[in-house]
Amino acid sequence: MTKFKTAALGALMTTTVQPVLAADLEVTHWWTSGAEAAAIRVIADAFQESGNTWIDGAIAGAGGVARPLITSRITGGDPMGATQFTHSSAMRELIEAGFMRDVTEIAEAQGWKEQIFPQSLLDSCTFEGKLYCVPSNIHSQQWLWLNNAVFTDNGLAVPQTWDDFVAAAPALREKGIIPLAQGQQAWQIQLMFNVLMVSIGGPELFEKVYGELDAEYAAGEDVAKVFKAAAEARDLMNGSNVQAWNEAALLVVDGRAGGQIMGDWVQGEFMQAGLKAGEDFSCLPGLGVHEYITAAGDAFYFPKVDDPDITAAQDKLASVIVSPKTQVDFTAAKGALPVRRDIELSNPTPCMEKGMEILKSGHIVESVNTLVSPDTVGRVTDLVVEFFADPGFTAEKAQEEFAEIIASAD
C-alpha cells in the first residue's frame, strides 16, 4: 500500500469514528483571482463534506489590503472562525498577545512533524513550543515568468537569465511590447525588490542584510549591484500601468508584455488561460542567476472562540487542509507546492518540478517578513515604492537610504 493510500485510509477511518459536529465557519482569505478562487474552493468543498458549512470571507485586494483588516477584526473582538495568512512577524504578535488557538494536539495526533516539509514551515508556526498554524502550501517569490512566443515570434531566443532578459528588452520595445509587466501595488514592488536581493545578490547577501542587519554591508558594492538591477527593472516596467498582479500576468499571457517577476502563484493564472509550462511559457527560478527560493507560503490560523462547535469545526478544517487529497488537488489549482513529503503530485508542470528540486537541494531562504519586523518591512516598502515611481531617484541615493533603514532595523 502506498504512503498516499495509507494516509488517506487513516483519514477516512478518523472521519468514520468521530461524531459529526456541524457549524458555520467563516474563513477569511485574499485568494480572489481565477486560479486562487479555484484553489480555495478545493479546501471549502472538502471541508463541507464533513457536514460543516464554509462561510466564505474573501477580501479583494491581496495581502496588503487583507492583513490589516484581518488583524483589526481579531484584535477588535470580532474574530472569524479561521483565516488564511502568511508566515510573518505580524501574526506572531497576535499569537504572543493570546488571540490565537494552538493546534499542537491535532498536529501531534496526525503526525504533522513527520510529514510536513520543510521543517521551517512548522518552525514559523511555533511559539514557546506550541504550534499555532496549519501550513497549506509552499509559495516562492523568486521567479521570472516569460511568454515564449513574445520572444520567438520576434526573432529572439527565450531568455535564460536576468541579463538575457535585459538584453532582449530594446527589441521588444521596438515592437511596442512592454518588457516587464508589474503591478503597481506596494507589496508587489517590495516583493520584486527583495527578489532582486536574493536572485541578483545571492542568499548570503540577503542574509547579511536582513538576517544580520549589517548596515555597512548594505551600503557596499555588493548591494550596489542589486540597486543597479532595480534601476534596470524600473526602466523595463515603463508602460506597465496595471495595479493587481493578475492584471500584470494577463499582459504577459496576451503577449503585451514579455515577462513578470512574481511568485509561483502566477503559474495558476497562466494555466487557467490555457498556456502550457515549458511550451508556451518559461519560468526562471532565481531569475536564472541564484536558484534559491523562499519556502514560506501560506498558512491558516484559528482565533480563540468560546463556542465548542466552532472549535471542533476549526479542528476539522485543520485536518482537511493537510490531508493528502486536498494537498494534491489544491496545489495543482493554485500553482503552488505541497507541504507534505509523502504525496506524489498529479501531472506536475516543469516549473513545479524545478521548485521541488530546489526545495530538496536545500536552496531555501527565509522570508523577509519573518526576518525583520513589520515596521522595517514597511519602511523598506515605502522607500522602494518611491524609487520605482520616480526615474530621477538615483540607485545610489536609494541605496544610501536603504542602508540607513537597515542600521535602525529590528
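The values are calculated or read from the model by the stated rules, or taken from the named source; none is laboratory data. In this text the structure is predicted, and so the values were computed from the model without any measurement. For neighbour counting, all protein chains shown are included, and Cβ atoms are generated from backbone atoms with ideal geometry for every residue, glycine included. When the accessible area is computed, the model is the full protein with side chains, heavy atoms only, and any ligands, DNA or RNA have been set aside. Shrake-Rupley method; radii C 1.70, N 1.55, O 1.52, S 1.80 Å.
Excluding the sites themselves, what is the longest stretch of the chain that contains no trypsin sites (Lys or Arg not before Pro) in a DSSP loop with at most 15 other C-beta atoms within 10 Å?
Working: sites that count: 175, 276, 304, 341.
So the longest stretch without any such site is 1-174.
Among 255, 283, 239, whose Cα lies farthest out toward the positive end of the dipole of region 218-308, if unit charges sit on the beta carbon of Lys, Arg (+1) and Asp, Glu (-1)?
The one lying farthest along the dipole's positive direction is 239.
Taking a 1.4 Å probe, which of 298, 309, 78 shows the most accessible area, and what order do the others take after it? Spell out each step's value before the answer.
Details: 298 10, 309 65, 78 85 Å².
Descending accessible area places them as 78, 309, 298.
Between residue 69 and residue 273, what is the label-point separation in nm under the 7 Å Cα-to-beta-carbon projection?
About 2.6 nm, to one decimal.
If I stretch the segment between residue 225 and residue 37 completely, what's the gain in nm (0.36 nm per residue apart, minus their alpha carbon distance), one decimal?
Working: separation 188, 0.36 × 188 = 67.68 nm, distance 3.82 nm.
Between residue 225 and residue 37, full extension yields 63.9 nm more.
Within the chain, what whole-number % of the accessible surface is contributed by carbon and sulfur, with the 1.4 Å probe and all protein chains included in the calculation?
Here it works out to 50 percent.
On a straight-distance basis, which aspartates and glutamates could pair with residue 225 in a cross-link, Cα separation under 12 angstrom, same-chain partners fewer than 8 positions away excluded?
Result set, ordered by chain and number: 396.
For the chain, which semi-axes, largest first and in whole Å, follow from the square roots of 5 times the eigenvalues of its Cα gyration tensor?
On the way: eigenvalues 264, 121, 70 Å².
Calculated on Cα positions only, the semi-axes equal 36, 25, 19 Å.
What shape does region 191-308 take by its C-alpha gyration tensor, where a ≥ b ≥ c are the square roots of the eigenvalues and a/c under 1.5 counts as rounded, a/b above b/c as prolate, and the rest as oblate?
On the way: a/c = 1.97, a/b = 1.08, b/c = 1.83.
Oblate, because a/c is 1.5 or more while a/b does not exceed b/c.
Suppose only helical runs count, i.e. DSSP H with n ≥ 4. What mean residue ellipticity at 222 nm does that imply for the chain under -39500 (n - 2.57) per run, divided by all residues and rounded to the nearest 500 deg cm²/dmol?
Details: 21 runs with 212 residues, N = 410.
Per the formula, -15000 deg cm²/dmol.
Give me the one-decimal nm value for the distance between modelled label points at residue 114 and residue 212, 7 Å along each residue's Cα-to-Cβ direction.
4.0 nm
Order the following by accessible area, largest value first: 216, 96. Probe radius 1.4 Å; ligands, DNA and RNA are ignored.
On the way: 216 155, 96 110 Å².
Ranked from most to least accessible, the order is 216, 96.
Using modelled amide H (1.01 Å from N, peptide plane; none on Pro or chain starts), what sits under 5 Å from the amide H of residue 340, excluding residues fewer than 5 places away?
For residue 340, whose amide H was placed from the backbone, the distant partners under 5 Å are 117.
Taking 0.36 nm per residue of sequence separation and subtracting the Cα-Cα distance, how much length would be gained by fully extending the chain between residue 93 and residue 375, in nm to one decimal?
Value of the extension gain: 100.3 nm.
How much area per residue is accessible in the chain when the probe is 1.4 Å and only protein heavy atoms are counted (Å²)? Could you put the intermediate results ahead of the total?
Values: 16980 Å² over 410 residues.
Solvent-accessible surface per residue comes out at 41 Å².
From the phi of every residue in region 105-121, what ³J(HN,Hα) in whole Hz does the Karplus formula 6.51 cos²θ - 1.76 cosθ + 1.60 yield, where θ is phi - 60° and glycine or proline is x?
3J(HN,Hα) across region 105-121, in whole Hz: 4, 5, 5, 5, 5, 9, x, 4, 4, 7, 10, 7, 9, x, 4, 4, 4.
For region 277-358, what does the alpha-carbon gyration tensor say about shape, rounded, prolate or oblate, given a ≥ b ≥ c as the root eigenvalues, a/c under 1.5 as rounded, and a/b over b/c as prolate? Walk me through the numbers before you get to the answer.
Numbers: a/c = 3.28, a/b = 2.21, b/c = 1.49.
In terms of gyration-tensor shape, prolate.
Would you please give the FRET efficiency between residue 325 and residue 126, computed as 1/(1 + (r/R0)^6) with r the Cβ-Cβ distance and R0 = 22 Å, to the nearest 0.05?
Values: r = 26 Å, r/R0 = 1.19.
For R0 = 22 Å, the calculated efficiency reads 0.25.
Quick one: 3J(HN,Hα) in Hz for region 391-400, Karplus 6.51/-1.76/1.60 with θ = phi - 60°, rounded, Gly and Pro as x.
So the Karplus estimates, Gly and Pro as x, are x, x, 7, 6, 4, 5, 5, 5, 5, 4 Hz.
Could you give the length gained on full extension between residue 105 and residue 361, defined as 0.36 nm per residue of separation minus the Cα-Cα distance, in nm? Walk me through the numbers before you get to the answer.
Numbers: separation 256, 0.36 × 256 = 92.16 nm, distance 3.10 nm.
Fully extending the segment from residue 105 to residue 361 adds 89.1 nm.
Any idea what angle helix 324-334 forms with the longest principal axis of the chain, computed on alpha-carbon atoms, 0 to 90 degrees, nearest 10?
30 degrees
Take the Cβ-Cβ distance between residue 186 and residue 400 as r, set R0 to 25 Å, and report the resulting FRET efficiency rounded to the nearest 0.05.
On the way: r = 21 Å, r/R0 = 0.84.
Here the calculated transfer efficiency is 0.75.
Between residue 238 and residue 45, what is the label-point separation in nm under the 7 Å Cα-to-beta-carbon projection?
That separation, rounded to one decimal, is 4.7 nm.
What does the charge count near residue 152 come to, summing +1 for each Lys or Arg and -1 for each Asp or Glu among other residues with Cβ under 12 Å from its Cβ? Intermediate values should be presented prior to the final figure.
Working: positive: none; negative: 153, 279, 280.
Net local charge, residue 152 excluded: -3.
Given the pairs 304/325; 316/360; 130/304, which are separated by over 20 angstrom at their Cα positions? Show your work: numbers first, answer last.
Details: 304/325 28 Å; 316/360 30 Å; 130/304 15 Å.
Pairs exceeding the cut-off: 304/325; 316/360.
Under a straight-distance cross-link criterion of Cα-Cα below 30 Å, which lysines are reachable from residue 228, leaving out those fewer than 8 residues away in the same chain?
Within the straight-line cut-off, residue 228 pairs with 175, 208, 354, 397.
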